[in-house]
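Each remark here refers to the structure printed beneath this line.
The values are calculated or read from the model by the stated rules, or taken from the named source; none is laboratory data. Since this is a predicted model, take the numbers as computed values, not measurements. With ideal geometry, Cβ positions are generated from the backbone for all residues, glycine too; neighbour counts draw on all protein chains shown. Just so you know, the surface numbers come from the protein's heavy atoms only, side chains and all, with ligands and any DNA or RNA stripped out. Shrake-Rupley method; radii C 1.70, N 1.55, O 1.52, S 1.80 Å.
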Amino acid sequence: MSSFSADTHKSNTIWVKVSEELPSLQECHDFCADPSCGAISSFVGVTRDSFQSKKVLKLWYEAYTPMAEKELRKLCAEAMSKYDLKRVVAVHKVGNCPVGQASVVLVCSSPHRNDGLKGCSYLINELKARVPIWKREVYEGDSDAVWKENIEWKEGKSKRVMVKE
Amino acid sequence: TTVKVLFFASAREAAGNISSVEIELSYESNTTTLRNVLAEKYPKLAELVLDEDNITFALNEEYIPSGESLPLKNGDTIALIPPISGG
């Protein structure tokens with residue numbers, strides 16, 4: 001059972017953060033590292049320079065921060081119950097995120113590599129379907145910014161159930 | 001019954017760039033009532049907020065499943081969640 005420290009973003013096995021300042025990949029890695037783990041798996045989402053052959057000029061993220069962090073904690077706990085993971089980090093940037101910059105960092109440590117790799121895959125797929133964060137892009141030649149929509153949101157409609165305590 | 005409503009992304013823009021507002025509802029209101037109240041108060045938001053496929057509600061940081069309408073009590077926070085795009 002994990003207990004939460006005074007820093008509400010972190011327990012001793014799960015660390016989530018939605019913020020303008022992201023921890024570095026190394027910091028996330030160091031949180032997850034454990035002598036029992038032979039694998040530290042990660043996924044880093046990075047702003048791409050184009051969308052459907054249109055050049056991306058500007059990209060930024062907005063979040064419903066307390067709920068986004070809550071959902072991320074739930075996702076991490078789920079990943080840990082589905083796969084043999086020791087520790088998990090899930091962090092997402094808000095604000096400006098220029099081309100080449102990391103928007104999301106997910107790290108899992110596990111004794112064996114399969115669980116970690118699957119854990120990261122699970123986290124990014126579920127994040128796209130459930131975590132209340134929005135991306136706004138401005139393309140070259142367009143005057144207005146566009147709010148993006150993840151296809152996983154619509155597809156994940158049936159998964160948005162209320163947990164009755 | 002006073003509830004706090006939070007607007008995000010395209011919903012915020014449609015409401016005239018308002019990010020949060022306190023709304024007084026009649027006793028025994030529910031989330032469907034609130035959709036109607038918001039549609040009236042913010043006409044440019046009406047088309048979005050009246051369609052559950054456009055805007056999902058979150059009540060006190062928990063998603064309201066589609067098709068469900070929940071009662072609202074004093075102090076509740078409702079967030080207007082347009083289709084998300086994180087990751």
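Testing A:Val99 on (1) of a type in the set (Val, Ile, Thr); (2) out of contact with any Phe, Trp or Tyr (no Cβ under 8 Å at 6 or more places or on another chain); (3) assigned to a helix (DSSP H, G or I), one condition comes back false. Which one is that?
It fails just one condition, (3).
In the range B:46-61, how many are in contact with a strand residue (DSSP E or B) (Cβ under 8 Å, 6 or more places away or on another chain) and either more than 14 Å from chain A (Cβ to nearest Cβ) or of a type in the set (Val, Ile, Thr) (or both)?
Total satisfying the criteria: 3.
Going through A:Ser143, A:Ser109, A:Ser81 one at a time, which residue ends up being open to solvent by 40 Å² or more (accessible area, probe 1.4 Å) and farther than 20 Å from A:Arg48 by Cα? Talk me through it step by step, then tell me what you get.
On the way: A:Ser143 fails: farther than 20 Å from A:Arg48 by Cα; A:Ser109 fails: open to solvent by 40 Å² or more (accessible area, probe 1.4 Å).
Being open to solvent by 40 Å² or more (accessible area, probe 1.4 Å) and farther than 20 Å from A:Arg48 by Cα holds for just one of A:Ser143, A:Ser109, A:Ser81, which is A:Ser81.
So for the range A:121-143 (the condition being aliphatic (A, V, I, L, M), touching a residue at least 12 places away in the same chain (Cβ under 8 Å), more than 10 Å from every other protein chain (Cβ to nearest Cβ) and under 15 Å from A:Lys17 (Cβ atoms)), does at least one residue qualify? Walk me through it before giving the result.
Taking the range A:121-143 first, the residues aliphatic (A, V, I, L, M) are A:123-124, A:127, A:129, A:131, A:133, A:138.
Imposing the further condition that a residue be touching a residue at least 12 places away in the same chain (Cβ under 8 Å) reduces the set to A:123-124, A:127, A:129, A:131, A:133, A:138.
Okay, now just the ones that are also more than 10 Å from every other protein chain (Cβ to nearest Cβ), so A:138.
Remaining after also requiring under 15 Å from A:Lys17 (Cβ atoms): none.
No, that holds for no residue.
Which of the residues belonging to the range B:11-33 are within 14 Å of another protein chain (Cβ to nearest Cβ), surrounded by 14 or more Cβ atoms within 10 Å (Cβ to Cβ) and out of contact with any helix residue (DSSP H, G or I) (no Cβ under 7 Å at 6 or more places or on another chain)?
B:Arg12, B:Glu13, B:Thr31
In the range A:97-135, which residues are more than 15 Å from the chain's Cα centre (by Cα) and at pLDDT below 95?
Across the range A:97-135, the qualifying residues are A:Pro98, A:Val99, A:Gly100.
In the range A:7-61, what count of residues is obtained for those that are more than 17 Å from A:Ser109 (Cβ to Cβ) and either part of a strand (DSSP E or B) or of a type in the set (D, E, K, R) (or both)?
Initial filter on the range A:7-61 (more than 17 Å from A:Ser109 (Cβ to Cβ)): A:7-9, A:17-22, A:45-61.
Still in the list and also either part of a strand (DSSP E or B) or of a type in the set (D, E, K, R) (or both): A:7, A:17-21, A:45-46, A:48-51, A:54-61.
So the count comes out to 20.
Would you check if there is a residue in the range B:53-67 being at pLDDT 95 or above, surrounded by fewer than 15 Cβ atoms within 10 Å (Cβ to Cβ) and more than 13 Å from the chain's Cα centre (by Cα)?
Taking every residue of the range B:53-67 in turn, none turns out to be at pLDDT 95 or above, surrounded by fewer than 15 Cβ atoms within 10 Å (Cβ to Cβ) and more than 13 Å from the chain's Cα centre (by Cα).
Output the number of the condition that A:Asn96 fails; it satisfies all remaining conditions of (1) under 16 Å from A:Trp60 (Cα atoms); (2) facing chain B (nearest Cβ under 9 Å).
Among (1) under 16 Å from A:Trp60 (Cα atoms); (2) facing chain B (nearest Cβ under 9 Å), A:Asn96 violates only (2).
In the list B:Asn74, B:Asn36, which residue meets the criterion of being part of a loop (DSSP other than H, G, I, E, B), open to solvent by 30 Å² or more (accessible area, probe 1.4 Å) and either polar (S, T, N, Q) or in contact with a strand residue (DSSP E or B) (Cβ under 8 Å, 6 or more places away or on another chain) (or both)?
Details: B:Asn36 fails: part of a loop (DSSP other than H, G, I, E, B).
Answer to the selection: B:Asn74.
Please state which of the following conditions B:Pro83 fails to meet, knowing it meets all the rest: (1) assigned to a strand (DSSP E or B); (2) at the interface with chain A (Cβ under 8 Å from one of its Cβ atoms).
(1)
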